[in-house]
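Heads up: the structure comes next, in structure tokens.
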Amino acid sequence: MNDQTLAIHGALDATRFAGATVPPVFQTVAYASPSAQGMADAFAGSGAGYVYTRIANPTTVALEGALAELEQGIGCVATASGMAAIHAVAAALLAAGDEIVAAEGIFAGTVSLFENTLKRFGVTIRYVDACDARQVAGAITGRTRFVFVETIGNPKLDSPDIAQLSQITREAGIPLVVDNTVATPSLCKPGSLGADIVVHSTSKFISGGGTTIGGAVIDTGNFDWLSGPCSHISSRYGSAGRMALLAYLRNVAVRDLGACPAPWNSFLTLEGLKTLGPRMDRHCDNAKALAKFLQGHPAVKWVNYPMLPGAVAYAMAARQLGGKGGGLLTLGLGGKEAAWRLIDALKLAKNVANLGDVRTLVIHPASTICREFDASSRMRMGVTDDMVRVSVGIEDVEDIRGDFARALEELT
């Protein structure tokens with residue numbers, strides 16, 4: 001089935017749910033076993049059955065199946081948030097003294113996890129321009145355990161060559177982890193380009209309505225965990241085979257972190273997933289139209305959108321993202337004061353610390369999501385004091401454009 005059909009039908013085995021066309025919400029903490037032996041077997045992994053929702057839940061399993069199919073992976077473990085997904089991958093792959101090679105322009109929340117938490121546990125992070133494959137290759141050492149990039153950088157809006165990076169990581173014997181939150185599988189399937197692990201904040205475009213926090217880790221099946229650098233994962237190969245990482249994530253990392261999603265959140269995410277394809281088409285069309293309008297406005301100093309000719313990511317987006325640039329754009333107005341005035345003047349667009357909503361959202365990254373970093377770190381992340389990040393919604397494009405036109409008039 002094609003993506004949109006998969007998003008609607010792929011996760012549902014109606015025979016499991018009494019013919020229901022929508023998976024029910026299994027709002028339960030635990031599951032009874034008919035015997036002591038059955039419960040012991042379930043805990044040991046030698047018998048089928050659910051034990052505790054912190055480990056697995058039927059509603060969540062339906063979501064995991066849908067996401068794995070859309071990303072063409074061998075399996076998925078859903079988490080409580082996108083940050084929980086990245087933290088779970090880090091907990092599964094890292095030990096004290098290990099290193100990560102990460103793209104410079106990744107989400108500030110991920111940088112905070114790396115800098116404020118992982119560093120305290122003895123992990124070193126080496127930031128590079130991931131669009132320069134030589135920098136990535138040069139930063140990998142014998143202690144590097146994975147390379148981390150975003151399909152579309154947030155808010156740098158760069159787009160590294162995933163296929164090229166996967167060749168580098170394959171030669172180094174380490175996995176390539178790709179955060180596909182901004183692109184979603186509608187625009188790019190990193191696994192088909194060689195990525196080994198795909199993570200998502202499903203809170204964003206996948207759920208779409210701004211109602212549900214969630215995350216996911218998908219194993220694409222490209223990495224050989226038996227010969228990988230993590231003995232605690234390769235040791236599970238005998239019982240779990242290619243699913244060794246997923247088994248470790250579910251039964252150790254996510255279980256121990258307590259990072260499971262609530263069943264109701266999994267249900268809401270499944271409902272949002274059904275309209276991902278048409279929504280992403282509309283997000284991309286509206287964002288491109290707004291970017292072109294802003295580019296020609298005298299009050300706007302600069303605009304960054306991957307599918308604007310001349311954008312750094314233009315060629316890669318044309319090839320890797322199917323000629324679409326996603327739903328994010330950034331613009332500069334010459335200073336922080338002007339940026340704040342624009343945000344305050346907008347009426348339709350909401351000043352919100354989120355993205356991927358059906359509504360158009362704006363934020364001033366330097367004073368909010370990136371405020372804890374110094375000026376040099378913000379510059380490395382692609383964040384300037386005059387930057388406004390816009391997550392373009394699916395409203396009528398004329399209304400979006402009109403809202404910005406009126407607000408910009410107040411600046412001139």
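The values are calculated or read from the model by the stated rules, or taken from the named source; none is laboratory data. Because the structure is predicted, anything quoted here is derived from the model rather than measured. All Cβ positions, even for glycine, are placed from backbone atoms using ideal geometry, and neighbour counts span all protein chains on display. For the accessible areas, the whole protein counts, side chains as well, though only heavy atoms, and no ligand, DNA or RNA atoms are used. Shrake-Rupley method; radii C 1.70, N 1.55, O 1.52, S 1.80 Å.
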Legend entry - Pairs where the first residue, in the range 364-386, is at positive phi and the second is of a type outside the set (D, E, K, R) and outside any helix (DSSP H, G or I), C-beta under 9 Å, 6+ apart: 382/105; 382/153; 382/155; 382/157; 382/304; 382/330
Inset, instruction - Please find, among 334, 402, 356, the residue that is among the small types (Gly, Ala, Ser), under 30 Å from residue 272 (Cα atoms) and more than 25 Å from the chain's Cα centre (by Cα). - result: 402
Inset, instruction - Determine which single condition residue 227 fails, assuming it passes every other condition in (1) modelled with pLDDT under 95; (2) surrounded by fewer than 22 Cβ atoms within 10 Å (Cβ to Cβ); (3) closer than 28 Å to residue 186 by Cβ. - result: (3)
Legend entry - strands (runs of 3 or more DSSP E) lying entirely in the range 161-228 (those with 3 or more residues that are among the β-branched types (Val, Ile, Thr) and out of contact with any Cys (no Cβ under 7 Å at 6 or more places or on another chain)): 197-201
Inset, instruction - Considering (1) modelled with pLDDT under 95; (2) acidic (Asp, Glu); (3) in contact with a strand residue (DSSP E or B) (Cβ under 8 Å, 6 or more places away or on another chain), say which one residue 372 fails and leave the rest. - result: (3)
Legend entry - Extreme residue, modelled with the highest pLDDT, among residues of the range 37-54 that are open to solvent by 90 Å² or more (accessible area, probe 1.4 Å) and among the hydrophobic types (A, V, I, L, M, F, W, C): 43
Inset, instruction - Could you grab me the full set of residues in the range 367-412 that are among the aliphatic types (A, V, I, L, M), open to solvent by 10 Å² or more (accessible area, probe 1.4 Å) and part of a helix (DSSP H, G or I)? - result: 375, 379, 397, 405
Inset, instruction - Report those helices (runs of 4 or more DSSP H) wholly inside the range 64-152 carrying at least 2 residues which are buried (at least 21 other Cβ atoms within 10 Å of the Cβ) and not charged (D, E, K, R). - result: 82-93, 108-112
Inset, instruction - Taking only the range 304-336 into account, find how many residues are β-branched (Val, Ile, Thr) and either surrounded by fewer than 21 Cβ atoms within 10 Å (Cβ to Cβ) or part of a helix (DSSP H, G or I) (or both). - result: 1
Inset, instruction - Taking only the range 252-267 into account, find how many residues are open to solvent by less than 60 Å² (accessible area, probe 1.4 Å) and assigned to a helix (DSSP H, G or I). - result: 7
Inset, instruction - Determine whether the range 272-293 contains at least one residue that is open to solvent by 10 Å² or more (accessible area, probe 1.4 Å), under 27 Å from residue 412 (Cα atoms) and aliphatic (A, V, I, L, M). - result: yes
Legend entry - Failed condition for residue 7, given (1) in a loop (DSSP other than H, G, I, E, B); (2) at negative phi: (1)
Legend entry - Close pairs from the range 44-56: first among the aromatic types (Phe, Trp, Tyr), partner loosely packed, with under 15 Cβ neighbours inside 10 Å, Cβ under 9 Å, at least 6 apart: 50/28; 50/30; 52/29; 52/30
Inset, instruction - Could you grab me the full set of residues in the range 1-29 that are touching a Gly at 6+ places or on another chain (Cβ under 8 Å) and at pLDDT 80 or above? - result: 1, 3, 4, 7
